[in-house]
1. Could you please give the count of residues in the range A:33-54 that are more than 7 Å from chain B (Cβ to nearest Cβ), under 39 Å from the mean Cα position of the chain (by Cα) and either assigned to a helix (DSSP H, G or I) or at positive phi (or both)?
2. For the range A:64-90: of the residues being away from chain B (no Cβ under 14 Å) and in contact (Cβ under 8 Å) with a residue 12 or more places away in the chain, which is farthest from B:THR50 (Cα to Cα)?
3. Of all residues in the range B:24-34, how many are of a type in the set (Asp, Glu) and more than 7 Å from chain A (Cβ to nearest Cβ)?
4. Which count do you get for residues in the range B:126-167 that are among the basic types (Lys, Arg), in contact (Cβ under 8 Å) with a residue 24 or more places away in the chain and more than 8 Å from chain A (Cβ to nearest Cβ)?
5. What number of residues within the range B:23-45 are assigned to a helix (DSSP H, G or I) and surrounded by fewer than 22 Cβ atoms within 10 Å (Cβ to Cβ)?
6. Tell me the residue from A:THR8, A:THR25 that is at the interface with another protein chain (Cβ under 8 Å from one of its Cβ atoms), part of a helix (DSSP H, G or I) and β-branched (Val, Ile, Thr), please.
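What follows is calculated from the coordinates using simple rules that are stated; it is not laboratory data. Everything numeric here is computed off the predicted structure, so don't read it as measured data. As a convention, Cβ positions derive from the backbone with ideal geometry for all residues, glycine included, and neighbour counts pool all protein chains shown.
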Amino acid sequence: MGCEDVRTSLMLGLALDDGAARHVTMCTSCRAEAPAVRAVAAALAAHRAPAPSQALRARVLDAAAPLLDRRARAVITPDWGAVARALGAALLPLPLIALAQGYVVNLLYRVLTTLLPGPVGAYLVFNYVALVALLATITYAAIPVVAARQAEARHA
Amino acid sequence: MPTDEELITRVAAGDGLAVGELCDRYERALHAFLFRYTGGRDVDDLYQETWLRVVRAAGRFDASRRFSTWLFQIALNLARDWHRRPPPEPVDPADAEGVVPGPAARVEAALDAERLLATLPEAQRSAFLLRYYHDLSEEEVAEILGCPRGTVKSRLHHAAARLVALARREDA
């Protein structure tokens with residue numbers, strides 16, 4: 001334990017182990033600092049914070065009541081409509097995206113198989129297709145989850 | 001007795017009694033933290049807003065975490081936002097002269113500690129308050145502050161050194 005650790009422990013009122021206690025008695029600098037550290041610790045310990053009033057508690061519970069009510073209703077009836085709407089909106093441009101990707105893959109395949117040996121070009125294109133498919137799957141799988149959360153946040 | 005984590009799950013389902021139970025468990029600690037962090041200004045509003053955020057975010061509570069650290073994290077974020085706001089208009093000394101200190105006037109020792117704490121930089125003050133007054137471990141403080149444990153340790157060292165230096169300067 002170094003000087004900093006010992007002084008911080010003293011100020012925080014932590015129990016000093018044998019090594020730290022020995023350090024305080026042996027180290028000239030810490031011995032000189034210890035009274036000031038203890039004085040600050042005593043002032044901090046005397047700093048009392050007032051307890052919250054009963055009126056504040058009642059105010060908090062009153063303010064929370066409508067939020068809780070909405071939460072209870074949201075739990076009973078999940079907003080499936082919002083989830084369906086979000087999925088519908090996301091699926092709408094899917095054919096267009098698939099068409100554009102088909103064009104890109106086709107072009108990529110032609111360019112790569114011209115520049116590189118056939119199997120290498122095909123392998124690279126396959127990798128690209130697999131990556132795009134994976135990203136699309138993750139994105140579309142996340143839509144119902146995100147939509148449900150957003151609906152829940154709106155209710156809360 | 002239900003755990004805090006069970007209670008917050010019930011809050012997510014809209015159980016008002018569970019909020020009351022959590023308030024009972026944490027009202028003193030939370031109020032005291034906000035009081036010391038802000039120096040006593042707007043504490044009740046921050047306290048209320050913290051609980052409302054807890055209710056709003058209850059559905060997103062990560063059950064693998066401790067409720068207490070989550071609660072203090074919410075309170076700290078709110079208090080930080082509050083801290084960034086411009087300070088209130090200074091009181092006209094002419095108006096202040098007629099004000100008689102009420103029964104809530106604090107004792108001198110408390111004022112000293114309050115002044116000392118107020119002079120700490122925000123990062124050191126939040127680490128110090130959580131560790132000193134709320135008996136949270138360095139790991140828990142690190143989780144609340146969103147920083148490594150070593151950073152908490154170093155902030156505590158700096159805060160302690162600064163507090164001693166400030167106290168000495170006040171004495172001189």
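1. 4
2. Out of the qualifying residues, it is A:ALA90.
3. Result for the range B:24-34: 1.
4. Step one: list which residues in the range B:126-167 are among the basic types (Lys, Arg), which gives B:131, B:149, B:153, B:155, B:162.
Okay, now just the ones that are also in contact (Cβ under 8 Å) with a residue 24 or more places away in the chain, so B:131, B:155, B:162.
After this cut, where a residue has to be more than 8 Å from chain A (Cβ to nearest Cβ) as well, the list is B:155, B:162.
Of the residues in that region, 2 qualify.
5. 11
6. On the way: A:THR25 fails: at the interface with another protein chain (Cβ under 8 Å from one of its Cβ atoms).
Checking each option against the conditions leaves just A:THR8.
Residue-by-condition table, conditions (1) at the interface with chain A (Cβ under 8 Å from one of its Cβ atoms); (2) touching a residue at least 24 places away in the same chain (Cβ under 8 Å):
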residue	(1), (2)
B:GLU6	no, no
B:LEU22	no, yes
B:ARG36	yes, yes
B:GLY39	no, yes
B:TRP51	yes, yes
B:ASP62	no, no
B:LEU76	no, yes
B:ALA79	no, yes
